[in-house]
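Q: Starting off with a structure, shown below.
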């Protein structure tokens, strides 16, 4: 364990030194990866740890983005309050939607999360007077003191590292272990005395909370937000990142986000066939590396150790 | 300890359990036997709340548990093992048992401390009791079938139940494993003063440890007596023991 922690410290230091490159390109890419990485890790609390396939996680990301942006733009609320409110709104929305979703299991659960996220999308899309509808919400003010890409990058890094620290603490706690037992065998978990539905709802809420945080960051980062953020394809994208990186490793989804965003940046500068390449990667992945990138690396590592 | 009153359950018109009544006193060791499809597992699922009853009532320690969810019935002090082995396959043996200890000791909602630090000794003690002390770090899904059954027993014991329900504890075991498992169950039941209700297909096992036997046939209880009397019962011989021999 301590070795893993040292490794993390080195990675955080490297990320902290990234702005030294003075490349706007890398600072933007870095911010994007941190934001989407946190989103993917939040989703993975449900997917990898609790065994719940949420196909509508973009709803909470979008709710976070719109809550923070609307409060700042339309009600001139100070950024820290708007930011905190976004996370709370994400959790409350997840509580309400999750209350219905956990009543179903497996594919029906996934479909219901999808249905609810499309409802939220439709509301945002149609409520012109509040959200600007299809035109989106443009000109979200930059918070004070965060008005340069570098400063915003550091703020994002701080928020993401703090969130990941808390989430990691959670999955390694007794509560996290209970979520894992639910993933492994809900029937048995029920009969060691756990109210499985209640714990699933708790996981859903926590995931909603931590999905709304990157949403809020995303809105500020881009100065503008559009209903697309809540569309189901955005939920699918983060699901792909999670599976690509490895849903049975805590940092897997983060790696998946980094790989997809970097590759997309690279590929779209050469060709417009990014979806084709993404589809190919996904197909190869599912056949040859079902454990994702980190799952694959870990199995190689144990293999090497054993043969030493 | 446990009272089952005129319990009835049907699936799409098929009556699986048809007005079964019996009761078990504290400290008793009872077996339910009956041919395949007699309704033994359904009856277990009704008692533990995994299936809702259509009619009838269930009482545990004097409390009405008829419409209680499984997790609450478990917390009242009922433990169970399942016919198809039911463990947490990707967790280690230690983690399997520890999870049940965590819930029993009310720490399941703690989200601040690393889970490794909790109840190490308590968990080790249970591992030792069910004969898995050397396998703590093994991934439980890779254990042999007999060991998985032992682990399941360990998970049930970790909740320190007063009444233990075992559904076919030796199903699929070799003769030697069966012998060991029965010895283990007998010893633990005595040590902990447990009340035990089990189903079993192996007649030798049933007659060796049960104090009272209930015979289920086509969803009805057709006999309830001591092993000797059940052995003599002509109806039982005809419909059940006859088939087995």
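Q: Ignore the peptide's own chain and count Cβ atoms of other chains within 10 Å of each Cβ in B:60-72; give me the average, rounded.
A: Counting Cβ atoms of other protein chains within 10 Å of each residue's Cβ and averaging gives 2.
Q: Assuming 0.36 nm per residue, please report the length gained on full extension of the stretch residue B:134 to residue B:120 beyond their Cα-Cα distance.
A: Going from the current span to full extension adds 3.6 nm.
Q: Moving to a separate point now. For a label point 7 Å from the Cα of residue B:54 along Cα→C-beta, name the residues of segment B:1-38 whose backbone N is under 12 Å from it.
A: Under cut-off, by backbone N: B:7-20.
Q: Further question: Hey, got the average number of other protein chain Cβ atoms within 10 angstrom for residues in A:49-62? Please report the intermediate quantities before stating the final value.
A: On the way: counts 0, 0, 0, 0, 0, 0, 0, 0, 0, 0, 0, 0, 0, 0.
The shielding value for this peptide is 0.
Q: How long is the gain from residue A:147 to residue A:262 if the chain were fully straight, where each residue apart is worth 0.36 nm and the alpha carbon distance is subtracted?
A: That pair, residue A:147 and residue A:262, stretches by 38.9 nm at full extension.
Q: Next question. Find the relative contact order for segment A:25-306 and round it to a whole percent, using C-alpha pairs within less than 8 Å whose residues are 6+ positions apart.
A: 34 percent
Q: Mean-square fluctuation check for chain A, GNM, Cα pairs under 10 Å: which of A:284, A:104, A:43 is largest?
A: Greatest mean-square fluctuation among the candidates belongs to A:284.
Q: Mean separation of Cα pairs under 8 Å and 6+ residues apart, divided by the residue count of chain B: what relative contact order is that in percent?
A: Values: 432 pairs, mean separation 65.7, N = 245.
It comes to 27 percent, rounded to a whole number.
Q: Quick check: the distance between the Cα centres of segment A:79-118 and segment A:266-299, to the nearest angstrom?
A: Rounded to whole Å, the Cα centres lie 28 Å apart.
Q: Please work out the Cα center distance from segment B:173-245 to segment A:119-154, rounded to the nearest Å.
A: 69 Å
Q: Calculate how many DSSP beta bridges within the protein assembly as shown are antiparallel, expressed in % of all such bridges and rounded to the nearest 5.
A: If we restrict to bridges inside the protein assembly as shown, about 60 percent are antiparallel.
Q: If you don't mind, another one. Is the shape of segment B:162-223 best called rounded, prolate or oblate, per the rule: a/c under 1.5 gives rounded, else a/b larger than b/c gives prolate, else oblate, with a ≥ b ≥ c the square roots of the Cα gyration tensor eigenvalues?
A: Numbers: a/c = 2.07, a/b = 1.24, b/c = 1.66.
It is oblate, given that a/c is not under 1.5 and a/b is not larger than b/c.
Q: Averaged across the residues of B:112-125, what count of C-beta atoms belonging to other chains lies within 10 Å of each residue's C-beta? Before the final figure, lay out each step's value.
A: Values: counts 5, 4, 7, 9, 3, 1, 3, 1, 0, 0, 0, 0, 0, 0.
Taking the mean over all residues of the peptide, I get 2.
Q: Right, next: Please list the three semi-axes, largest first and in whole Å, of the ellipsoid equivalent to segment A:25-306, using sqrt of 5 times the eigenvalues of its alpha carbon gyration tensor.
A: 29, 24, 18
Q: Something else about it: Each label point is 7 Å from the Cα along the Cα-to-Cβ direction; what then is the distance between the points at residue A:10 and residue A:269, in nm?
A: Output for this residue pair reads 2.7 nm.
Q: What does the helix-only formula give at 222 nm for chain B: each DSSP H stretch with n ≥ 4 adding -39500 (n - 2.57), the total divided by the residues, and the result rounded to the nearest 500 deg cm²/dmol? Provide the component values of the computation, followed by the final result.
A: Details: 8 runs with 81 residues, N = 245.
Calculated from helices alone, the mean residue ellipticity at 222 nm is -9500 deg cm²/dmol.
Q: Next up: Would you work out the relative contact order for segment A:172-255, in percent, from Cα pairs under 8 angstrom that are 6 or more residues apart?
A: Reported as a whole number, the value is 13 percent.
Q: Also, quick follow-up: How do the peptides B:217-228, A:211-222 rank, highest first, by the average count of neighbouring beta carbon atoms within 10 Å per residue?
A: A:211-222, B:217-228
Q: Next up: Would you please put A:11-22, B:38-49, A:61-72, B:114-125 in order of how densely packed they are, using the mean number of other Cβ atoms within 10 angstrom per residue and starting with the highest?
A: Going from most to least packed, we get A:61-72, B:38-49, B:114-125, A:11-22.
Q: Further, regarding this structure: Please build a GNM for chain A, connecting alpha carbons under 10 Å apart, and tell me which residue among A:279, A:256, A:90 fluctuates the most.
A: Taking springs between Cα atoms under 10 Å, the residue moving most is A:279.
Q: Given the rule -39500 (n - 2.57) for each run of at least 4 DSSP H residues, summed and divided by the residues of chain A, what is its mean residue ellipticity at 222 nm, to the nearest 500 deg cm²/dmol?
A: -25000 deg cm²/dmol
Q: I've got another one for you. Find how much the distance from residue A:305 to residue A:123 grows on full extension, using 0.36 nm per residue of separation minus their present alpha carbon separation; answer in nm with one decimal. Write down the numbers at each step before the final one.
A: On the way: separation 182, 0.36 × 182 = 65.52 nm, distance 5.37 nm.
Roughly 60.1 nm would be gained on extension.
Q: Let me ask another. Gaussian network model of chain B, Cα springs within a sub-10 Å range: biggest mean-square fluctuation belongs to which of B:214, B:78, B:63?
A: Looking only at B:214, B:78, B:63, the largest GNM fluctuation is found for B:63.
Just so you know, all these numbers are worked out from the coordinates, no wet-lab data involved. Model, not experiment: these values are computed from the prediction. Note that each Cβ is placed from the backbone with ideal geometry, even for glycine, and that neighbours are counted across all protein chains shown.
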